[in-house]
Amino acid sequence: MLSAAVRISQPSLSHAIAQLEQELGVPLFEKNGRNVELTQLGEVFLKLVRQSLEILDGSVDYLQKKFFSALAQLLKERDEAEGRCRLRKPAQN
């Protein structure tokens, strides 16, 4: 059951889905007997959301790498100015 997989109660999940469908103005799910399936628009929306999340994850990774690289450079410059030497653990491959 999806609600158990996302650790949310069934009524809360149903409410969240209904709110999302209302906000978007399109049905994302349809009932098929006791099951619920994505509509064609739901499939498209899911694909687009996954792509968006991948872009966001990549952006966060990029910014973190840039930040830590800049921080490492600042620390290196400070240490050099103060005559310090940092010992580093060798990189593991």
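The values are calculated or read from the model by the stated rules, or taken from the named source; none is laboratory data. Just so we're clear, the structure is a prediction, and the values are computed from it rather than from any experiment. Surface areas here come from the heavy atoms of the whole protein model, side chains and all, with no ligands, DNA or RNA. Shrake-Rupley method; radii C 1.70, N 1.55, O 1.52, S 1.80 Å.
Laid out as a table, the results:
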item	result
Dmax and Rg, reported as Rg then Dmax, of the chain (C-alpha, Å)	23.8, 74
Area of L28 that stays accessible when all protein chains are in place (1.4 Å probe, Å², to 10)	10
Where N is the number of residues in the stretch 53-93, Cα Rg divided by 2.2 N^0.38 Å	1.59
Cross-link reach list, lysines versus K89, counting only Cα pairs under 16 Å and skipping chain neighbours closer than eight places	K76
Rounded tilt (10° steps) of 40-81 against the dominant C-alpha axis of the chain	10
Nearest-ten-degree value, helix 10-24 long axis tilted from longest Cα axis of the chain	90
